[in-house]
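A.B. asks: Input: one structure, supplied below.
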Amino acid sequence: MNNIPTFNTTTNPNPYIGNHYASPTVPSFNYPASTLRSILPGRSVESSKDILPGEVPMDGGISVFPRSDGSAIYVKYRNGKGLIEDHIFVPAPEDYNEEILDVDQETMNIKDILNTVNDLSTKVDALSDIIASNASSNSRKYNNKSNKNHNQQNPKEGAEVNA
Amino acid sequence: MPNVFDFALMILQSNPNIANSPIGKNFAEACRNRDSSMGEEIANNILASQGLSKDEALDQIKQKGMPNLPNFPFFR
């Protein structure tokens, strides 16, 4: 007997034709559409002690707390270990002005480098002169000593030998 | 057959609230490495920043459910 399976297409349609099953994957969840905040969290405070830990968000975003007198701005956020980190920003003085260079910055850097190289070469020349003078003085000392030893070993006739 | 734990961790890390948060990333990393000390440190730091001790938080959970932690977006 041939036990060939037969498919009843009316009640048991072939799932691989027509109706396609989705392969099992991670189910999709509906997360909030956007986690970007349109408003910066924070408020005006009298001092840093007025800031409550609950006002610092848990998602790592910053919260800004300007002082009411305008003397500083406190910025707080949570790091990866859950601790609150804070930074204090103080207004710049009135006479603060960014430097405006008349000369191209690259040219300034090259000139600085050349000046440094010139200074270094001058110092190297001075050092080499010192070394050379020391070497010559040492060689004179060694020559005197070697002559003394030579005279002691091979004294001239009639010469007094000092030990 | 994938591990149920790894599957749950995959779902957890697919949540952008956790993936984009430094605390969430560290917490997921601690879960993946089975590092209970790291998870405990994170939890203790969060509680300490809120002015709660571990015992106080546990008492709150027993009485009222989750402790009073505003701005807790993970389980929105």
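The values are calculated or read from the model by the stated rules, or taken from the named source; none is laboratory data. Quick caveat, the model's predicted, so the values are computed rather than measured. No Cβ is skipped: glycine too gets one built from the backbone with ideal geometry, and neighbour counts run over all protein chains shown. Remember, those area values only see protein heavy atoms, side chains included, never the ligands or the DNA or RNA. Shrake-Rupley method; radii C 1.70, N 1.55, O 1.52, S 1.80 Å.
A.B. asks: Go through region A:40-46 residue by residue and turn each phi into a ³J(HN,Hα) via Karplus (6.51, -1.76, 1.60, θ = phi - 60°); whole Hz please, and just put x for glycine and proline.
C.D. replies: 6, x, x, 6, 7, 10, 7
A.B. asks: Enter the mean number of other protein chain beta carbons within 10 Å of the beta carbon of each residue in A:51-61, as an integer.
C.D. replies: Partner Cβ neighbours, averaged per residue: 6.
A.B. asks: So for A:MET58, B:MET10, B:MET38, what's the accessible-area order with a 1.4 Å probe, most first?
C.D. replies: Largest accessible area first, the list is B:MET10, B:MET38, A:MET58.
A.B. asks: Amide H neighbours of A:VAL45 under 5 Å, counting only residues 5+ apart in sequence or on other chains, H built in-plane at 1.01 Å?
C.D. replies: Result for A:VAL45 returns A:ARG67, A:SER68.
A.B. asks: If you rank A:GLU55, B:GLU56, A:GLU46 by how much accessible surface each has, with a 1.4 Å probe, what is the order from largest down?
C.D. replies: Details: A:GLU55 45, B:GLU56 90, A:GLU46 120 Å².
Order by accessible area, largest first: A:GLU46, B:GLU56, A:GLU55.
A.B. asks: By per-residue mean of other Cβ atoms within 10 Å, what is the highest-first order of B:21-32, A:117-128? Don't skip to the answer; put the middle values down first.
C.D. replies: Values: B:21-32: 18.5, A:117-128: 10.0.
The packing order, highest mean first, is B:21-32, A:117-128.
A.B. asks: If each of B:ALA48 and A:HIS87 carries a label point 7 Å out from its Cα toward its Cβ, how far apart are those two points in nm?
C.D. replies: 2.3
A.B. asks: For the interface of chains A and B, what total accessible area is buried with a 1.4 Å probe, rounded to the nearest 100 Å²? The partial results should precede the final answer.
C.D. replies: On the way: alone 14970 and 5880 Å², together 19000 Å².
Accessible area lost upon association: around 1900 Å².
A.B. asks: Taking H as built 1.01 Å from N, whose amide H comes closer than 5 Å to the amide H of B:ASN15, not counting residues under 5 places away?
C.D. replies: Result for B:ASN15 returns nothing.
A.B. asks: Calculated FRET efficiency, B:ASN17 and A:ILE62, Cβ-Cβ r, R0 22 Å, to nearest 0.05?
C.D. replies: 0.85
A.B. asks: Can you pull the accessible area of A:PHE89 for me, 1.4 Å probe, Å² to the nearest 10?
C.D. replies: My reading of the accessible area for A:PHE89 is about 110 Å².
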